[in-house]
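Down below is the structure, laid out as C-alpha cells.
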Protein chains: 2
Amino acid sequence: LTGQPLRIGVFDSGFGGLTVLRALLPRLPDAEFVYLGDTARLPYGSKSQATVARYAAEAANFLESRGAGYLVIACNTASALALDAIQSAVAVPVLGVIEAGAESADLASRTRNVLVLATDATVQSHAYARACGQRGLQTIEKACPLLVPLIEEGWIDHAVTRQVLAIYLEEAMQLARERECGIDTVLLGCTHYPLLRHVLRRMLPEEICILDSAETAAERAHRQLHALGMLSGVLPDAASSPPRDREEDALRCRFFATDSTEKFRVLGSRFLGQPIARVRHIDLGG
Amino acid sequence: LTGQPLRIGVFDSGFGGLTVLRALLPRLPDAEFVYLGDTARLPYGSKSQATVARYAAEAANFLESRGAGYLVIACNTASALALDAIQSAVAVPVLGVIEAGAESADLASRTRNVLVLATDATVQSHAYARACGQRGLQTIEKACPLLVPLIEEGWIDHAVTRQVLAIYLEEAMQLARERECGIDTVLLGCTHYPLLRHVLRRMLPEEICILDSAETAAERAHRQLHALGMLSGVLPDAASSPPRDREEDALRCRFFATDSTEKFRVLGSRFLGQPIARVRHIDLGG
C-alpha cells in the first residue's frame, strides 16, 4: 500500500486525552496524529449535554478539516454526551472511549460487576451503565470530581489524594454492598485518572482488575482500523514491537489548543509522557 | 428622585459572584440586579489573559444591553486579567473586586503585610500585589487551585478541606517567614472562598484579620455609587437597616447563565444564601 499515511484525529477538552494518544503511538507506528485540546472551554465535565454536543461537533469538524480520516474522542464526557452529535457532524469513522471501556470490562469481569470512576457529567449521563448493561454487566458509577484538580495540582502520590480516593472508594463500595455487587473490575472512566493508576493499585485488593480508558480506547481503535482495512500491514503486536523512537513520535504528532499553547505544552508533556515541542493556537469561536 | 430604578450588572464566570450579589442586596435596597454567570466557559482561573478578556467583554456587553447602569465584576480572574478590556467595551462605570479588596486591606493592615489567597490565574497576574503595592502594602500571593472544587463538592467543614487549607497556609506562611513579612491580614481573593471563612477563622490566630472580596466589593460599590450621585437617597447604614424581605430581594434580581439553568439554580442558591426561582439561558456564542 502506498499514498498518504493514515491521519488520526484525537480530541479532548484538555490535556487528559494525551494519555490516549500516548497509548495509540506504539500501536500505530505508521500513522500521523492531530490532537485538539479545547482548553479555552474546559472542563466539559460540569457542562450540559447541549453545550458539550455543540463544542464537540465544532472540534470534530476542525479535526476532519485537518485531514483526519478517523477520530478518537478521548474525552469521556464528550463520548458520553455527544457521540451521536459528533458522528452526525463528520463523514469519517468516530470512536468514543465509553464503548471501548465497556468492551474491555466485558472481557475482564468474571463477577459481571464493574465499578466506574468518572466525572460528574459522565456519571450523570449513565453512558457507562448503558454500554456495560448492553453486555450484561452490572455497573456502579461513582463521580470523583476532585480527582482532576488534584492531578492538575500535581498531587499524585500525596496524602490528600489518597484520602480523597479512600473516601470515594469507600462510598462506592458501600453502594456495591447495598446492591450486593461483588466488584472485580474498576474502570477509570476519565482520561486524567491513568496518572493515579499506581496509587489506586496499592489501595485496591490484588484480585481487582483496573482498566483505564486510555489503554482500552487505543486497543479498540487499533482493532477497528484493522477491521476497516485502514492499516497498511499486518496487525503488529505492541508487546513485541521494537523500542519506540520518541523523536520520531514527536514528528508524527501535531497539537492544537484553543487556549494558552504554553500551558498546554508544559502540562501536556506530563500526560503524554514526553516533551511537546510545539502547540498551535486555534480559535473555535468560543 | 423618580424615574427608573438603578440597575446593577453583576458578572462572574460562575456562581461564586453570587456571594457579591448577596453582599450587595442589603446595601442597595432600591436597586435592581442583573446577574450573569458564564457557566458554559468556566472556570476562567485556568485560562489565558486573551481568552478571559474576550469572554469578559462579551459578558459586560450583554449586561449593558440588559439596562445595567453600573457593573460589578465579581470574578477575581476577570478583574485581574480583563478590567481594562471590560472598561473599553462598555460605556457605564465598572468596578472590579481587586481594587476593592486592596482598599480594604489598606484600611485593615497595621503590619502592612497581606496574604492573598486566590486562583492560579489571579496569582499569576499579580493584580493583587500591584493594587496592594500602590497602597504601600507588601503582599504574599498564594494560589489555592483545590479550594473551588472542594467548595463545589460541598466539602466545607471537612477533614480533607482542612488538610488542604493547612498545607496551603503553611506554604504561604513559610514564604512570609523567608521574606520576613509579619502577616496580619488575609484577603480571600476568590468569590468562592467566603464559604470557607468560618473554617479559616478557626485555623488562623485571632489577631489575623480575614477580609473577603465579596464584602469589600459590595462596600466599595455602595460608596462609589453614592459618590457618582447614582443613589436616590442618603447613604443607608446597612447595620441599622430594617430586616430584609427575601421575597422582595428575589424580585429585584434576574439571573442569566450560559450553561444549564437548573444546575445554576441549585448550586447558586448555596452561594446566594437563598433560593433562586428562575434562571434564563443566554448564548454568548461560545
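Nearest 20 debye, what's the magnitude of the dipole of the protein assembly as shown about its Cα centre given +1 on Lys and Arg Cβ and -1 on Asp and Glu Cβ? It comes to approximately 340 debye.
Relative contact order of region B:21-161: what whole-number percent is it, with Cα pairs under 8 angstrom and at least 6 residues apart? Write out the running numbers ahead of the final one.
Details: 168 pairs, mean separation 27.3, N = 141.
Relative contact order here is 19 percent.
Straight-line reach from B:LYS47: taking Cα to Cα under 16 Å and skipping same-chain neighbours fewer than 8 places apart, the lysines in range are A:LYS263. Evaluated with a Cβ-only charge set (Lys, Arg +1; Asp, Glu -1), region A:103-144 carries a dipole of roughly 160 debye about its Cα centre, given to the nearest 20. Each of B:THR122, B:PRO145, B:LEU169 was scored by the projection of its Cα onto the charge dipole of region B:122-170, and the greatest displacement toward the positive side belongs to B:THR122; charges sit on the C-beta of Lys, Arg, Asp and Glu. Mean per-residue shielding of peptide A:45-51 is 6, counting Cβ atoms of other chains within 10 Å of each Cβ.
The dipole here belongs to region A:7-119: it is taken about the Cα centre, uses +1 on the Cβ of Lys and Arg and -1 on the Cβ of Asp and Glu, and is about 220 debye.
Within chain A, which complete DSSP H helices have Cα atoms spanning at least 20 Å along the helix axis and a mean Kyte-Doolittle hydropathy of -0.5 or higher?
Numbers: long enough: A:49-65 (24 Å, 0.02); A:159-178 (28 Å, 0.24); A:213-227 (21 Å, -0.97).
Membrane-span-like by this rule: A:49-65, A:159-178.
B:HIS226 label point (Cα plus 7 Å toward Cβ) to equivalent points in the other copies: 7.6 nm, shortest first. Let me check I've understood the local charge: for B:GLY9, count other residues with C-beta under 15 angstrom from its C-beta, Lys and Arg +1, Asp and Glu -1. What total comes out? For residues surrounding B:GLY9, the net value is 0.
Using only atoms on other chains, find how many Cβ atoms lie within 10 Å of each Cβ of peptide A:252-260 and report the average. Show your work: numbers first, answer last.
Values: counts 0, 0, 0, 0, 0, 1, 3, 6, 7.
Shielding by partners across A:252-260 averages 2.
Could you calculate the FRET efficiency of B:ARG254 with A:ALA50 from 1/(1 + (r/R0)^6), where r is the beta carbon distance between them and R0 is 25 Å, rounded to 0.05? Can you show the working numbers first?
Working: r = 22 Å, r/R0 = 0.86.
My answer for the efficiency is 0.70.
Starting with the highest mean, order A:127-139, B:12-24, B:159-171 by the number of other Cβ atoms within 10 Å, averaged over the residues of each peptide. Walk me through the numbers on the way to the answer.
Values: A:127-139: 19.2, B:12-24: 27.2, B:159-171: 16.3.
The peptides rank, most packed first, as B:12-24, A:127-139, B:159-171.
Taking label points 7 Å from Cα along the Cα-to-Cβ direction, A:HIS281 and B:ARG177 give a separation of 4.1 nm.
The value of relative contact order for chain A, using C-alpha pairs under 8 Å at least six residues apart, is 25 percent.
What number, in nm² with one decimal, is the all-direction average of the projected area of the convex hull of the alpha-carbon atoms of chain A?
The number I arrive at for chain A is 14.5 nm².
Pairs of alpha carbons in region B:80-124 separated by more than 16 Å make up 52% of all such pairs.
Diagonalising the gyration tensor over the Cα atoms of region B:184-233 and scaling each eigenvalue by 5 before taking the square root yields semi-axes of 29, 11, 8 Å, largest first.
Distances between equivalent label points of B:ILE282 across the copies, with each point positioned 7 Å along Cα→Cβ, amount to 3.0 nm, shortest listed first.
Could you report the accessible area of B:VAL266 in Å², rounded to 10, computed with a 1.4 Å probe on the protein chains as they sit in the structure? For B:VAL266, solvent-accessible area is about 90 Å². Ratio of Rg to Rh for the protein assembly as shown: 1.00 [Cα atoms; Kirkwood radius as inverse mean 1/r over pairs].
Residues of chain B: accessible area per residue at 1.4 Å, in Å²? Working shown, then result.
On the way: 11650 Å² over 286 residues.
With all protein chains present, chain B gives 41 Å² per residue.
With its label point defined 7 Å out from Cα along the Cα-to-Cβ axis, B:VAL199 lies at 1.7 nm from the matching points of the other copies, in increasing order.
On the accessible surface of the protein assembly as shown, probed at 1.4 Å, how many percent belong to carbon and sulfur atoms?
Of the solvent-accessible surface of the protein assembly as shown, carbon and sulfur hold 51 percent.
For the chain pair A and B, the interface hides roughly 2400 square angstrom of accessible area in total, found with a 1.4 Å probe.
The values are calculated or read from the model by the stated rules, or taken from the named source; none is laboratory data. On a predicted model such as this, the values are computed, not experimentally measured, just so you know. Quick reminder, even Gly has a Cβ in these numbers, built from the backbone with ideal geometry, and neighbours come from all protein chains shown. Quick note on the areas: whole protein, heavy atoms, side chains included, nothing else; ligands and nucleic acids left out. Shrake-Rupley method; radii C 1.70, N 1.55, O 1.52, S 1.80 Å.
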